[in-house]
Every structure is written in structure tokens, then in C-alpha cells.
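*Asks:* First the structure, which I've put down as C-alpha cells, then a few questions once you've had a look.
The values are calculated or read from the model by the stated rules, or taken from the named source; none is laboratory data. On a predicted model such as this, the values are computed, not experimentally measured, just so you know. As a convention, Cβ positions derive from the backbone with ideal geometry for all residues, glycine included, and neighbour counts pool all protein chains shown. Side chains included, ligands, DNA and RNA excluded: accessible areas come from the protein's heavy atoms. Shrake-Rupley method; radii C 1.70, N 1.55, O 1.52, S 1.80 Å.
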Amino acid sequence: MTTAAARQTSRVTQDALRAWNAVYNAADNIIWQLGVYEAAHDGWQFTNIGGKTVLSFIGEYSRLTGNSVVVEIGCGLGDTCRYLVERFGCRVVGFDMNAAQIRNAELTRQRCATPDKLQFVHGSIESPAGLDALASSNGSADLVYTLDVLMLVEDPGAAIRSAASLLRKGGR
């Protein structure tokens, strides 16, 4: 690929990312609340289709306990993280490259029954600086997961390798 073609591809990727972020930045409005959250998720602000069913499966399959440390890559509004904290008692760090989503997630943390078990970090899983911020705030994770995010990163393989590096031995 030529340098000009690479710049064009990168610009298209960045334009698409900005468009996706605009959609997710509006995910706390009344249309999402009535059309998705109330209708499909009992009021929980899950932008993923699977909702509580998928999150409960993830927690049960991973045998989460009050001592478990979990990292979600692409946490968005943070309700998925909050659900795991409240359902399994684990500590969860939500990680997102969208600063607006992290600001909204902080409001979700305030609604959490145990807000000290919930933390949100801004950064990109594709960047070593973001990974360092996450690793230093969290230590080794028992579980790292993502829902509906890999389509938004330029190199999904690198993102998966970075996420896997956060796991303790035997983590999932």
C-alpha cells in the first residue's frame, strides 16, 4: 500500500470512528432509554444485544467472586461493568477510548451500590500508553472481555494481544 493510500485508509477509519462515537455519545438519551433499555434490558443501559443474559453467562463461566478483578474493553456508559459488580461483587475496571463515554460512565459509577469496586479509565487498547494506564490501575486481571468493540479498532489482533497481556496466569 502506498503512503497516500495508507493515509486515506487511516482517514476513513478515523471518520468512521467519529461517526460511531457520535452514535454512542447519544446513547443516554430518551430514544435509547425507551426504545432499547426499557424495552430490552429492564432499564439497564446496555448497548449490546445480549444484556444481562450474556453478562451473567460471562460471570458464571468465569466463576467471578468478590475477589475477582475484571477489565472491560470498550465499556461505554459503564452499565455492563456496574452489572458485574452488583451481580458478582467483583472489582471492575472499564476502559474506553471515547472520553465522552468515560464521563458518562462516571455517572454510572455514582449509581453503583459499591462504587469503590468500579473504576473507569480513558485510553485506547491499541496504544501502549492506554495499556500502561490500565495495568497500573488494576494489576493482573482474572477476566478481560469486550462486547461489540473489535469492529471499532484498526488492528483487532493487536487489541486482543494487548488485552490478553492484562490477564493473570489462568485468567480468561
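*Asks:* Considering only protein heavy atoms, what per residue accessible area in square angstrom results for the stretch 46-115 with a 1.4 angstrom probe?
*Replies:* Solvent-accessible surface per residue comes out at 41 Å².
*Asks:* Given a Förster distance of 22 angstrom, what is the FRET efficiency for R87 paired with R168, based on the Cβ-Cβ distance and rounded to 0.05?
*Replies:* That gives a FRET efficiency of 0.55.
*Asks:* While we're here: Give me, ordered by chain and number, the residues 5 or more places off C75 or on other chains with an amide H under 5 Å from its own placed amide H.
*Replies:* Under 5 Å from the amide H of C75: F95, D96.
*Asks:* Rank these residues by their accessible area, most exposed first, probe 1.4 Å: Y145, Y61.
*Replies:* Correct descending sequence by accessible area is Y61, Y145.
*Asks:* Between Q14 and R111, with labels modelled 7 Å along Cα→Cβ, what's the label distance in nm to one decimal, could you check?
*Replies:* Result: 3.4 nm between the two label points.
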